[in-house]
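As structure tokens, the structure follows; a few thoughts come after it.
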Amino acid sequence: MTVRTRFAPSPTGYLHIGGLRTALFCWLYARRHGGKFILRIEDTDLERSTQEAIRQIIDGMQWAGLDHDEGPFYQSKRFARYQEVIDGLLAEGNAYRCYCSKEELEALRAAQVARGEKPRYDGRWRERTDARSGVDPVIRFKNPLTGAAVVEDAVHGRVVFQNSELDDLIIARADGTPTYNFCVVVDDMDMNITHVIRGDDHLPNTPRQQNMLLALGRRPPVYAHLPMILGADGAKLSKRHGAVSVLQYRDEGYLPEALLNYLARLGWSHGDQEIFSMDEMVRLFDIADVNKSASAFDAEKLGWLNQQHMMRAPPDRLLEPLRRQLAQAGIDADDDQKLGRIVVAQRERAKTLREMAQSSVFFYRAPQAYDDKAVRKHVTAQTVSLIAQALRGFRGLDDWSAAAIHGLIGAVAAAGGVALGKLAQPLRLAVCGGPVSPPIDLTLAILGKDETLARVARAAAAWQSAP
RNA sequence: GCUCCCUUCGUCUAGAGGCCUAGGACACGGCCCUCUCAAGGCUGUAACACGGGUUCGAAUCCCGUAGGGAGCGCCA
């Protein structure tokens with residue numbers, strides 16, 4: 001039997017970290033077993049579902065590279081099918097019409113809560129066949145009254161729910177539209193889903209869904225309920241925890257493979273390994289290695305992983321996303337060769353592509369000012385003269401390679417009787433305006449001879465009156 | 001309130017009864033490297049929620065307790 005998994009978000013908001021992690025595990029499992037990954041949009045709540053959310057979910061999945069083999073299917077387009085199944089259930093006596101008004105149900109709930117009981121429908125219309133005029137009935141599933149629903153969960157193990165704890169849930173509203181718990185069952189059945197992998201907030205729904213599947217004469221799929229992802233403070237992930245839409249991570253300069261690697265390690269592990277390529281994850285992923293406890297989202301570790309992935313990726317991989325980041329700063333980085341050198345020079349000193357872009361602006365734009373504190377610390381009359389000598393040397397340097405530049409700077413510093421840093425820092429300040437950059441020789445090499453000469457000359461003039 | 005789930009360093013985790021003096025990673029501190037910042041190397045601080053069992057032996061199995069979470073909608 002081929003494995004078939006599905007990711008089934010409801011388009012009532014953006015695709016967030018938790019959803020992406022669920023999608024990742026579904027995708028990994030399908031890919032690992034040569035199965036199919038299906039995307040299904042659960043938009044039965046016509047009020048709250050939006051086209052914008054659907055677009056964002058699909059964009060997010062695409063950016064992450066979690067490609068689906070079938071779909072996207074829309075529940076809103078399958079109402080006829082749901083109706084058909086409801087009619088069948090009704091005909092077989094596995095569902096019934098309930099004429100309770102919302103007010104009546106609210107009163108029932110209030111009384112139960114007052115008595116300290118779990119609020120639930122008491123089945124008052126379960127055996128009635130009459131109708132009540134003036135009220136549009138809802139359809140309820142006739143849940144077994146006795147026995148237990150045993151869920152064999154792939155991550156939690158056997159979980160037993162007593163049927164007496166379950167009530168007859170509504171599968172169709174008074175207006176005839178089907179509800180979530182029912183649609184999921186019909187869809188998973190029709191789409192031949194073999195493994196339902198989802199957040200463990202759904203675990204309490206599972207016995208009802210399984211009972212419906214059984215009533216429909218189907219064998220339940222394998223269920224795997226993943227632990228939740230919490231915010232850094234251990235509280236439920238919410239808007240307060242910063243970036244929430246996965247597209248925001250793209251915009252902030254994270255590599256999808258790094259985000260996915262981070263997310264995979266939340267709740268899953270393979271020995272002591274921390275860094276995984278997509279291929280490795282596909283090859284190594286197994287539901288058996290998923291743990292049961294919720295985990296807190298740690299932005300620091302994500303940043304570290306992103307850097308590790310940036311350092312390992314072929315430099316070409318970073319060209320486009322870095323170019324987009326630079327464009328944000330108004331820079332048109334159209335020279336691939338130069339950009340590639342910048343990537344190699346900067347990747348080990350940035351957590352994100354955005355950071356990399358920000359610290360690389362000077363490669364395209366001469367500094368408008370020099371960092372005051374750094375000038376006071378590094379610029380003296382002596383450095384001005386050293387710079388003048390370096391400048392003369394640069395002019396006569398035909399080989400503008402990092403090695404040649406390094407040799408020249410080293411010689412000038414040695415002749416002046418100072419350590420390399422005494423010259424490197426002022427030069428760095430001259431070309432980038434601040435005290436931080438990649439190694440000075442590499443920096444000047446990438447910048448180019450003409451630009452270096454212009455910037456250094458300008459700085460030398462500005463610092464003429466240094467003490 | 002009821003049902004269900006969860007519980008190893010601050011965080012992510014390894015750990016399937018002896019290999020645990022509890023390992024790795026992020027973060028944090030120190031040292032090294034070094035033209036800055038990083039990256040890298042070495043190193044340090046830091047955890048089995050608690051209480052009972054079972055066993056020659058328990059982080060690992062069982063039972064309680066505590067804490068956390070989810071669900072209990074004509075939402076998904």
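The values are calculated or read from the model by the stated rules, or taken from the named source; none is laboratory data. The structure presented is a predicted model; accordingly, all values stated were derived computationally and were not measured. Positions of Cβ are backbone-derived with ideal geometry, glycine not excepted, and every protein chain shown enters the neighbour counts.
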Only residues in segment A:424-446 that are touching a residue at least 60 places away in the same chain (Cβ under 8 Å) and of a type in the set (S, T, Y) count as the first member; pair them with residues that are within 9 Å of RNA strand B (Cβ to nearest atom) and in a loop (DSSP other than H, G, I, E, B), Cβ under 8 angstrom, at least 6 apart or cross-chain, and list the lot. A:S437/A:S359; A:T443/A:S437
Counting just the residues of segment A:16-64 that are surrounded by fewer than 23 Cβ atoms within 10 Å (Cβ to Cβ), within 19 Å of A:Y262 (Cα to Cα) and among the charged types (D, E, K, R), which one comes out farthest from RNA strand B (Cβ to nearest atom)? A:R31
Within segment A:264-301, residues touching a Gly at 6+ places or on another chain (Cβ under 9 Å) and either within 15 Å of RNA strand B (Cβ to nearest atom) or of a type in the set (D, E, K, R) (or both) come out as A:V290, A:N291, A:K292, A:S293, A:A294, A:S295, A:A296, A:F297, A:A299
Has segment A:99-115 got at least one residue that is of a type in the set (S, T, Y) and either more than 29 Å from A:I197 (Cα to Cα) or more than 11 Å from RNA strand B (Cβ to nearest atom) (or both)? yes
What pairs come up if the first residue lies in segment A:448-467 and is surrounded by 15 or more Cβ atoms within 10 Å (Cβ to Cβ) and at pLDDT 95 or above, the second is assigned to a loop (DSSP other than H, G, I, E, B) and aliphatic (A, V, I, L, M), and their beta carbons are under 6 Å apart, counting only those six or more places apart or on different chains? A:R455/A:A366
For A:Q358, are the conditions met, namely being surrounded by fewer than 17 Cβ atoms within 10 Å (Cβ to Cβ), of a type in the set (S, T, N, Q) and under 29 Å from the mean Cα position of the chain (by Cα)? yes
Can you find a residue in segment A:129-146 that is farther than 23 Å from A:P220 by Cα, assigned to a helix (DSSP H, G or I) and touching a residue at least 12 places away in the same chain (Cβ under 8 Å)? no
Cβ-Cβ under 8 Å pairs, at least 6 apart or on other chains, segment A:281-307 side under 15 Å from A:A264 (Cβ atoms), far side of a type in the set (D, E, K, R) and part of a helix (DSSP H, G or I): A:V282/A:R31; A:V282/A:R32; A:R283/A:R32; A:F285/A:R32; A:D286/A:R32
Among residues belonging to segment A:331-355 that are free of Cβ contacts under 8 Å to residues at least 60 places away in the same chain and within 15 Å of RNA strand B (Cβ to nearest atom), point out the one that is farthest from the chain's Cα centre (by Cα). A:V344
Tell me, please, whether a residue that is in contact with an Asp or Glu (Cβ under 7 Å, 6 or more places away or on another chain), closer than 20 Å to A:M212 by Cβ and within 8 Å of RNA strand B (Cβ to nearest atom) can be found in segment A:121-136. yes
So which residues in segment A:434-444 are surrounded by fewer than 22 Cβ atoms within 10 Å (Cβ to Cβ) and in contact with a Phe, Trp or Tyr (Cβ under 9 Å, 6 or more places away or on another chain), if there are any at all? A:G434
Hey, could you check segment A:364-375 for residues that are within 14 Å of RNA strand B (Cβ to nearest atom) and assigned to a helix (DSSP H, G or I) and say which is surrounded by the fewest Cβ atoms within 10 Å (Cβ to Cβ)? A:K373
For segment A:425-455, give me each residue that is assigned to a loop (DSSP other than H, G, I, E, B), under 22 Å from A:S385 (Cβ atoms) and within 6 Å of RNA strand B (Cβ to nearest atom). A:P435
Of the residues in segment A:85-120, how many are buried (at least 16 other Cβ atoms within 10 Å of the Cβ) and more than 17 Å from A:N211 (Cα to Cα)? 6
With respect to A:E320, is the statement that it is of a type in the set (D, E), surrounded by fewer than 18 Cβ atoms within 10 Å (Cβ to Cβ) and either touching a residue at least 60 places away in the same chain (Cβ under 8 Å) or part of a helix (DSSP H, G or I) (or both) true? yes
In the list A:R198, A:R208, which residue meets the criterion of being under 15 Å from A:K292 (Cβ atoms) and touching a Phe, Trp or Tyr at 6+ places or on another chain (Cβ under 9 Å)? A:R198
Count, please, the residues in segment A:379-415 that happen to be under 49 Å from the mean Cα position of the chain (by Cα), within 15 Å of A:A460 (Cβ to Cβ) and loosely packed, with under 15 Cβ neighbours inside 10 Å. 0
From the list A:V184, A:V155, pick out the single residue that is near RNA strand B (Cβ under 10 Å from one of its atoms), part of a loop (DSSP other than H, G, I, E, B) and not charged (D, E, K, R). A:V155
Take the residues in segment A:180-217 that are of a type in the set (S, T, N, Q) and out of contact with any Asp or Glu (no Cβ under 9 Å at 6 or more places or on another chain), then tell me which one is nearest to A:S133 (Cα to Cα). A:N181
Against the conditions (1) in a helix (DSSP H, G or I); (2) touching a Lys or Arg at 6+ places or on another chain (Cβ under 7 Å); (3) within 30 Å of A:V222 (Cα to Cα); (4) hydrophobic (A, V, I, L, M, F, W, C), where does A:A288 fall short? Just the number, please. (2)
When you check A:I139 against the structure, is it under 28 Å from A:A23 (Cβ atoms), buried (at least 17 other Cβ atoms within 10 Å of the Cβ) and among the hydrophobic types (A, V, I, L, M, F, W, C), yes or no? no
